[in-house]
Amino acid sequence: MQRLAILDAGCGWAHEIELAAHECVITGVDDDLPPLRAHTEARRDLDSWQLGDLRTVPMPPRVYDVVRASHLIERIAHAELVLDRFVAALKPGGLMVVRFRDRRGAFGYLDRRLPHWLRHLMWHQEQPPPAVYDRVASLEGMRWYCMMRGLVIAEEITSRDTVTGFGRLMGIVFRVVALLGRGRLTSAYSEVTMVIRKPENRFARII
């Protein structure tokens, strides 16, 4: 009967959360950069927000029922440390919903390898999101992270949304890049969505 507490990590790039049928309190966190601040201030769904270094920005422990991290992991450094803070902020039994572009996808490879001016053209934006892609920003990397932290992967979905959004011509480019990668890259998907549960067992290996 309590209101659902949600932490929207990466609120400066993410879409608004629409949960009209549910009582919830939504808190946003992200890096403190001008475009992220402008987007955050324009959002109507956030009850409060904090912008700053995600390694130190205030995040009370065991407060949130759900943490959503949409297209955040691939654009920040020290991603494992930041994920640890999200897990610590979750209540036992809480869920973390993570969506990210895979560094081992053909899109992720180009995104982190292309020079800055070409990324502008690819993204059709004056200020494309950073392309950090730490090791954990991959399907295998997140599986490894969850195993090491004792977290349970409740659901795992791959999609080609980003690749599809760039049109048929770029789709061919991504397939060629994957072929040249000789098995190290894939064009079968560009992003991964994972629903991760923090166990309630107090003996679990949890932050």
query: When the accessible area of the chain is computed with all protein chains present and a 1.4 Å probe, what percentage of it is carbon and sulfur?
result: 56
The chain - percent relative contact order, Cα under 8 Å, separation 6 or more: 21
Accessible area of Ser159 in the full protein assembly, 1.4 Å probe (Å², nearest 10): 20
message: Give me the 1.4 Å probe accessible area per residue for region 65-133, excluding ligands and nucleic acids, in Å².
response: 40
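Counting Lys and Arg as +1 and Asp and Glu as -1, each charge on the Cβ, what is the dipole of region 1-68 about the Cα centre in debye, to the nearest 20?
Details: 7 positive and 12 negative charges, 29 e Å.
Using only the charged Cβ atoms, the result is roughly 140 debye.
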- request: Note the full-extension length gain between Gln127 and Glu18 as 0.36 nm times their separation in residues minus their Cα-Cα distance, in nm to one decimal.
  value: 36.6 nm
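How many percent of DSSP beta bridges within the chain run antiparallel, rounded to 5?
Values: 14 of 35 bridges.
If we restrict to bridges inside the chain, about 40 percent are antiparallel.
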- request: Multiply the residue gap between Asp32 and Met148 by 0.36 nm, knock off their C-alpha separation, and tell me the result in nm, one decimal place.
  value: 38.8 nm
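Nothing charged except the Cβ atoms of Lys and Arg (+1) and of Asp and Glu (-1): what's the magnitude of the dipole of region 1-126 about its Cα centre? Round to the nearest 20 debye.
Details: 17 positive and 18 negative charges, 89 e Å.
Once rounded to the nearest 20, the dipole reads 420 debye.
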- request: For Lys198, Lys91, write out the residues from largest to smallest accessible area, computed with a 1.4 angstrom probe and no ligands counted.
  value: Lys91, Lys198
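The values are calculated or read from the model by the stated rules, or taken from the named source; none is laboratory data. These numbers come from a predicted model, not from an experiment. Counting neighbours? That spans all protein chains shown, and the Cβs are built from the backbone with ideal geometry, glycine included. Side chains are part of the model used for accessible areas, which takes the heavy atoms of the whole protein and leaves out ligands, DNA and RNA. Shrake-Rupley method; radii C 1.70, N 1.55, O 1.52, S 1.80 Å.
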